[in-house]
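Engineer: Below are the structure tokens for one structure; questions will follow.
The values are calculated or read from the model by the stated rules, or taken from the named source; none is laboratory data. This is a predicted model, so every value here is computed, not measured. Cβ: placed from backbone, ideal geometry, glycine included. Neighbour counts: every protein chain shown. With ligands, DNA and RNA removed, areas are computed over all heavy atoms of the protein, side chains included. Shrake-Rupley method; radii C 1.70, N 1.55, O 1.52, S 1.80 Å.
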Amino acid sequence: MPVVRGKDIEVLFSASAIARRNLELAKEIAARDYHDLLVVSVLKGSFIFAADLIRAMHDAGLSPEVEFIFISSYGAGTASGDVKVLRDIDNEVGGRDVLLIDDILESGKTLKFTRELMLSRGARSVSIAVLLDKRMRRQTTLNADYVGFDCPDFFVVGYGMDVAHAFRELPFVGLVRGDTPGTARR
Ligand code: IMP
Ligand code: MG
């Protein structure tokens with residue numbers, strides 16, 4: 001078991017399993033009839049997944065434009081009204097097919113807000129790709145079009161995801177050992 005910053009990290013999804021899954025997701029995305037694809041990576045947590053997925057999309061024959069939106073994070077139990085844009089995209093989305101990429105779909109509040117923002121700006125379509133789905137935590141009716149893996153109810157780190165700004169650099173998704181389901185929150 002890897003030890004990082006003095007903590008035992010249990011590997012949940014290995015780097016090679018994620019790489020294989022990214023290729024499958026890219027093929028699924030390429031099979032859809034997108035006209036003018038604009039990828040929007042939801043920062044910060046999605047940066048590694050988005051970097052890998054867009055390269056897999058290239059291998060699958062797609063040539064999307066890529067943008068970034070910085071959405072504020074919030075603690076558990078915070079109302080959806082607290083979701084806000086800290087740094088917006090530069091591109092026009094009117095008439096375009098937007099693919100939102102995020103690390104985890106949990107309550108769905110972050111992506112529901114972002115999806116509605118893109119639709120209000122006239123996006124032709126808005127699809128959602130997430131590496132991990134914590135369905136048991138959903139508080140909205142939102143679902144993703146492309147899901148890497150169903151995620152157990154642990155607070156996970158690595159592959160872009162952090163706890164208190166640490167562990168984003170891990171090439172795999174893991175959990176800090178000693179945490180029990182549903183108790184380890186931001
Ligand atoms: P939602 O709005 O509740 O769906 O929140 C999803 C966001 O919360 C994700 O984009 C992550 O940034 C963050 N998040 C949720 N669960 C975890 C986790 O287990 N580890 C790290 N970040 C998480
Ligand atoms: Mg996030």
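Engineer: Could you provide, to the nearest whole Å², the per residue accessible area of the stretch 55-146 with probe 1.4 Å?
Structural biologist: On a per-residue basis, 48 Å².
Engineer: I need the calculated FRET efficiency for the pair MET136 and ASP33, taking r as the beta carbon distance and R₀ as 35 Å, to the nearest 0.05.
Structural biologist: Efficiency at R0 = 35 Å is approximately 0.60.
Engineer: A further question follows. Along Cα→Cβ, 7 Å out, is where each label goes; now give me the distance between the ones at ALA164 and ARG124 in nm to one decimal.
Structural biologist: Here the answer is 4.7 nm between the modelled labels.
Engineer: Which percent of the accessible heavy-atom area of the stretch 5-98 goes to carbon and sulfur, probe 1.4 angstrom?
Structural biologist: Of the solvent-accessible surface of the stretch 5-98, carbon and sulfur hold 49 percent.
Engineer: Please build a GNM for the chain, connecting alpha carbons under 10 Å apart, and tell me which residue among GLY45, GLY174, GLY122 fluctuates the most.
Structural biologist: GLY122
Engineer: So if each residue of separation counts as 0.36 nm, and I subtract the Cα-Cα distance between ASP90 and SER16, what length gain in nm does that give?
Structural biologist: Details: separation 74, 0.36 × 74 = 26.64 nm, distance 3.35 nm.
Length gained, ASP90 through SER16: 23.3 nm.
Engineer: What nm value, rounded to one decimal, do you get for the distance between ARG177 and ASP59 when each label is placed 7 Å out toward the C-beta?
Structural biologist: Here the answer is 3.1 nm between the modelled labels.
Engineer: May I ask you to evaluate 6.51 cos²θ - 1.76 cosθ + 1.60, the Karplus curve with θ = phi - 60°, for each residue of the stretch 57-71 and list the ³J(HN,Hα) values in order in whole Hz, giving x for glycine and proline?
Structural biologist: 5, 4, 4, 8, x, 9, 10, x, 7, 10, 9, 9, 10, 9, 9
Engineer: Please find, in a Gaussian network model of the chain (springs between Cα atoms separated by less than 10 Å), the residue of GLY160, GLY108, GLY61 whose mean-square fluctuation is greatest.
Structural biologist: Comparing GLY160, GLY108, GLY61 in a Gaussian network model of the chain, the most mobile one is GLY61.
Engineer: Sort largest first and round to whole Å: the equivalent ellipsoid semi-axes of the chain, each the square root of five times a Cα gyration tensor eigenvalue.
Structural biologist: 27, 20, 14
Engineer: In sequence order, what are the phi-derived ³J(HN,Hα) couplings for the stretch 161-167 according to the Karplus relation 6.51 cos²θ - 1.76 cosθ + 1.60 with θ = phi - 60°, rounded to whole Hz, with x for glycine and proline?
Structural biologist: For the stretch 161-167, the Karplus curve yields 8, 10, 10, 6, 6, 9, 6 Hz.
Engineer: May I ask for the distance between the Cα centers of the stretch 1-41 and the stretch 133-178, given as a whole number of Å?
Structural biologist: A separation of 11 Å, based on Cα centres.
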